[in-house]
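Scroll down for the structure; my scribbles are underneath it.
The values are calculated or read from the model by the stated rules, or taken from the named source; none is laboratory data. Quantities reported herein were computed from a predicted structural model and do not represent experimental measurements. Positions of Cβ are backbone-derived with ideal geometry, glycine not excepted, and every protein chain shown enters the neighbour counts.
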Amino acid sequence: MILETGKPLSLDFYLRKALPEELNIFNHIYLVSDTPLLKSNKIVEKTKYENAIKFILQGDLQGHCLCFIDTYEHKLESTQLNELQSVFKESANILLGNTLSALEKNYLVSISHPMEQGRLSSYKIEDSFDSYSTSYKLIYNLKEYYVRLVFQIREKR
Amino acid sequence: MNKKDARILVVDDSDFSRKEISKYLEAANLNVVGEASSAKEATNFIKDRHVDIAIVDIVMPEISGLELTEFIVENNPDTAVICISSLAQENIVMEAISAGASDFIQKPIKQEQLLESIYKLLSNGFDNL
């Protein structure tokens, strides 16, 4: 697609368009867009209660997507935390899969299975990648969790 | 085949999805005979038990759902496979069908869509395999 200015549209334009506004997962988990996709210069830890999972991206886009869930405002027992982690992993997989499927006309990208990263207090952004972040609210069991996605990607040369 | 007699296996590395899919099926009085969290577990399960329909997630660690589908179709021709995945680009759907899947459903799965796919297979008596 070309703008009237003749300038080709950028990756972040397509990615922003592909991210779903809302997802209903098994009628009891809802992901609702919270902040739009923004270019980010660094990834900082929001709270000490953030857990991350990583998906490797391959195809026309290369790199990975880190997904974080913050449980700061919720006092969770270890069994509840395990259950939430399982819900979060699959919700992030569905969110990312749906996003990349919507990108199909411009970029054909596949994802790995989710890999647990635990807590990431610092994370280096590699210079050769573009970095974008966006956030969602994950609503589960009448509670709202803050979820953010950080894409570190580049177009295949 | 009566829908209650159909033996269904759910294969997904996500505990959460496996349980939710099984709940959807059991709520419709369908017979979930097993759940497997990997292709290896699934092949072990079907080695000595008959399964009419296997619901198989494509993106799984180690052995993918596409490889598992090929294995099932080759070794258990009486078993129909429904592939599921959060990714649903045309090439993935085509790969699933080429591997021998009878249907493909994108996640998040809707109960009515899953049941429609199963009932269609049962009413066809798996003629489409």
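Things worth noting here:
- Note on the stretch A:15-48: residues that are touching a residue at least 40 places away in the same chain (Cβ under 8 Å) and among the aromatic types (Phe, Trp, Tyr) total 1.
- Among the residues listed as B:Ile97, B:Ile58, the single one being aliphatic (A, V, I, L, M) and surrounded by fewer than 18 Cβ atoms within 10 Å (Cβ to Cβ): B:Ile97
- Restricting the stretch B:79-108 to residues that are of a type in the set (Asp, Glu) and within 11 Å of another protein chain (Cβ to nearest Cβ), the residue that is nearest to A:Lys105 (Cα to Cα) is B:Glu90.
- One residue from A:Tyr123, A:Tyr136 being modelled with pLDDT of 95 or more and either under 14 Å from the mean Cα position of the chain (by Cα) or not hydrophobic (A, V, I, L, M, F, W, C) (or both): A:Tyr136
- Of all residues in the stretch B:1-28, those that are more than 8 Å from every other protein chain (Cβ to nearest Cβ) and either under 16 Å from B:Ala39 (Cβ atoms) or part of a loop (DSSP other than H, G, I, E, B) (or both) total 12.
- Within the stretch A:49-103, the residues that satisfy the criterion of being under 18 Å from A:Tyr136 (Cα atoms), surrounded by fewer than 20 Cβ atoms within 10 Å (Cβ to Cβ) and within 14 Å of chain B (Cβ to nearest Cβ) are A:Lys54, A:Gln85, A:Ser86, A:Ala102.
- All positions within the stretch A:42-72 that are among the hydrophobic types (A, V, I, L, M, F, W, C) and in contact with a His (Cβ under 9 Å, 6 or more places away or on another chain): A:Phe55, A:Ile56, A:Leu57
- Verdict on B:Gln111 being within 14 Å of another protein chain (Cβ to nearest Cβ), without any contact (Cβ under 8 Å) to a residue 40 or more places away in the chain and either surrounded by 21 or more Cβ atoms within 10 Å (Cβ to Cβ) or within 30 Å of A:Leu19 (Cα to Cα) (or both): no
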